[in-house]
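The values are calculated or read from the model by the stated rules, or taken from the named source; none is laboratory data. Just so you know, these numbers come straight off a predicted model, no measurement behind them. Cβ coordinates were reconstructed from backbone atoms using ideal geometry, including for glycine residues, and neighbour counts include every protein chain displayed. For the accessible areas, the whole protein counts, side chains as well, though only heavy atoms, and no ligand, DNA or RNA atoms are used. Shrake-Rupley method; radii C 1.70, N 1.55, O 1.52, S 1.80 Å.
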Amino acid sequence: MNYLCINPEDKMQTRKKLLWLKWLKLALAAVLVGFLASFLAISLKHVTEHYEGVFYGKAEKYNFLLLVLPFFGLSVIYFLRIYLFKNKENKGIKEVFESTKPGKSLPAYKIPSHFINGLITVAFGGSTGIEVSTVVASAAVGSIAHSKESFLKRYKTELICAGVSAGVAALFASPIAGLLFAYEVISKKLSRSFLFTTVIAISVTWLFLFFMDVKPLFDVGISTWNYHAIPYFILLGIIAGINSVYLTKCVLQIKAWFSKIKTPYYRVVLGALLVGVGLFLFPQLFGDGYNAVKENIANSSSTPAISVLLTLAACIVLKPIITSVTLSSGGDGGVFAPSIFIGALLGLLLAFVSNRFFDAGVIPLNFMVIGMAAMLSASISAPFTALFLVCGLVGSYVLFWPILVVSLVSKYVAERLCPYTVYTYAAKTTA
């Protein structure tokens, strides 16, 4: 009877307090997820950069190491999977898609598994990047957080996306790119709770980046772009779209071929041999290839010899193959770094050819930056993520509008040629 006599206004105040308390718990969870995912991503980035630089430096002096390092790295990953991670393979972004389904989750071991395997893969020359390893490990942080409080269970996807957005934001020094990646690639749905958790997570990441004084990965000086280059920009978008389909087909087809090898370690041996030969012939394919991109940025203002053009073309053709072999033989990674690498070299090659044979007068550096975004946009079908991610990579928004247009063009071309990406194909096969 006493309950029936409670004032309606008091009831409303109680409900508001409970609702406020629930949002406060969600905010605290997002802060924790954002902090852990950012710390994880930045740690993996710096550790990988250090050891990749160490091993690549030694390989430059002793070329035979280019043949040996991939074998050692892929073998270590193979034995770690058997004896430490209970013979469970890492499946990349596919794992994140699966974890958002009812009754699914990412177990805690995915954090050290992807951290260690991603580090070893890239540091020992595997021709991919740590981006997907970071995404899955960061998503696992969010997945674990949702299970620690009964109220949070209804926000599993939101907390997974908070982890993903923080991881990507920390890795590329672009909080907006982190949020857009979580929306364009993982969630594909906007809601109040999604925005609430991801904005809080990337705000924590922004504080990380601010206090650590993180610099752009590619320190370039972009000052302007010319309208007369627009037709060449559009051509770059078309070529990038075609190349992204080539990358997607390579990854899927080579994985299918390797899956026919019944003895797992034979895949490791064959993959290591192919990767090693590829690196021996073209050391630029070592690891994520960012060092090679930096070298080409430094030399982009000089007039290249024909041999340089042929080397660029060879790297563009071979990178998808060596990346696919790395992934198929047990390496941990994805198409993020390969897309940035291919796009940069593709833009540079087009600019050099246009200037040399057609007197186009375009700026090669601009084409490198736009090429990165165009290739990434088409490869993951996320033009706005590519736009802000690449602007974050170079620390400049001077090319904002050309990048936006070319990213949309490359995405459209890729979708017309192939209805899926590496990510969406993987999702369909598990539906």
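Some values worked out for this structure:
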quantity: Enumeration of residues in region 153-173 that are under 18 Å from Arg192 (Cα atoms) and either among the aromatic types (Phe, Trp, Tyr) or open to solvent by 10 Å² or more (accessible area, probe 1.4 Å) (or both); calculated: Lys153, Arg154, Tyr155, Lys156, Thr157, Glu158
quantity: Residues of region 277-325 classified as under 24 Å from Leu69 (Cα atoms), open to solvent by 30 Å² or more (accessible area, probe 1.4 Å) and of a type in the set (A, V, I, L, M, F, W, C), total; calculated: 7
quantity: Any hit, region 195-212, residues being touching a Ser or Thr at 6+ places or on another chain (Cβ under 9 Å), part of a loop (DSSP other than H, G, I, E, B) and open to solvent by 10 Å² or more (accessible area, probe 1.4 Å); calculated: no
quantity: Count of region 174-185 residues which are surrounded by fewer than 24 Cβ atoms within 10 Å (Cβ to Cβ) and of a type outside the set (Asp, Glu); calculated: 4
quantity: Of the criteria (1) under 28 Å from Gly53 (Cα atoms); (2) modelled with pLDDT of 95 or more, which one Asp219 fails; calculated: (2)
quantity: Filter result for the condition that a residue is at pLDDT 90 or above, crowded, with 24+ Cβ neighbours inside 10 Å and within 15 Å of Pro338 (Cα to Cα), over Ser113, Ser138, Ser127; calculated: Ser127
quantity: Residues (farther than 18 Å from Gly237 by Cβ, part of a helix (DSSP H, G or I), open to solvent by 20 Å² or more (accessible area, probe 1.4 Å) and not aromatic (Phe, Trp, Tyr)) located in region 337-365; calculated: Asn355, Arg356
quantity: Selection from region 230-264 of residues that are loosely packed, with under 15 Cβ neighbours inside 10 Å, assigned to a helix (DSSP H, G or I) and either without any contact (Cβ under 8 Å) to a residue 60 or more places away in the chain or among the polar types (S, T, N, Q) (or both); calculated: Pro231, Gln253, Ala256, Ser259
quantity: Members of region 343-382 that are more than 27 Å from the chain's Cα centre (by Cα) and at positive phi; calculated: Asp359, Gly361
quantity: Exclusive hit being aliphatic (A, V, I, L, M) and open to solvent by 10 Å² or more (accessible area, probe 1.4 Å), set Leu32, Leu66, Leu44; calculated: Leu32
quantity: Cβ-Cβ under 9 Å pairs, at least 6 apart or on other chains, region 58-87 side under 21 Å from Thr48 (Cα atoms) and modelled with pLDDT under 95, far side in a loop (DSSP other than H, G, I, E, B) and open to solvent by 80 Å² or more (accessible area, probe 1.4 Å); calculated: Arg81/Asn87; Arg81/Lys88; Arg81/Glu89
quantity: Lone unmet requirement of (1) in contact with a helix residue (DSSP H, G or I) (Cβ under 8 Å, 6 or more places away or on another chain); (2) assigned to a helix (DSSP H, G or I) for Gly330; calculated: (2)
quantity: Extreme residue, surrounded by the most Cβ atoms within 10 Å (Cβ to Cβ), among residues of region 385-405 that are touching a Ser or Thr at 6+ places or on another chain (Cβ under 8 Å) and not small (Gly, Ala, Ser); calculated: Leu389
quantity: Odd one out for Thr424, checked against (1) β-branched (Val, Ile, Thr); (2) open to solvent by 10 Å² or more (accessible area, probe 1.4 Å); (3) more than 16 Å from the chain's Cα centre (by Cα); calculated: (3)
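To keep it simple, each residue is scored yes or no on (1) under 16 Å from Ala30 (Cα atoms); (2) over 21 Å from the mean Cα position of the chain (by Cα); (3) in contact (Cβ under 8 Å) with a residue 12 or more places away in the chain.
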position: Thr100; (1), (2), (3): no, no, yes
position: His114; (1), (2), (3): no, no, yes
position: Leu119; (1), (2), (3): no, no, yes
position: Ala145; (1), (2), (3): yes, yes, yes
position: Leu152; (1), (2), (3): yes, yes, yes
position: Ala177; (1), (2), (3): no, no, yes
position: Ala182; (1), (2), (3): yes, no, yes
position: Ser193; (1), (2), (3): yes, yes, yes
position: Met212; (1), (2), (3): no, yes, yes
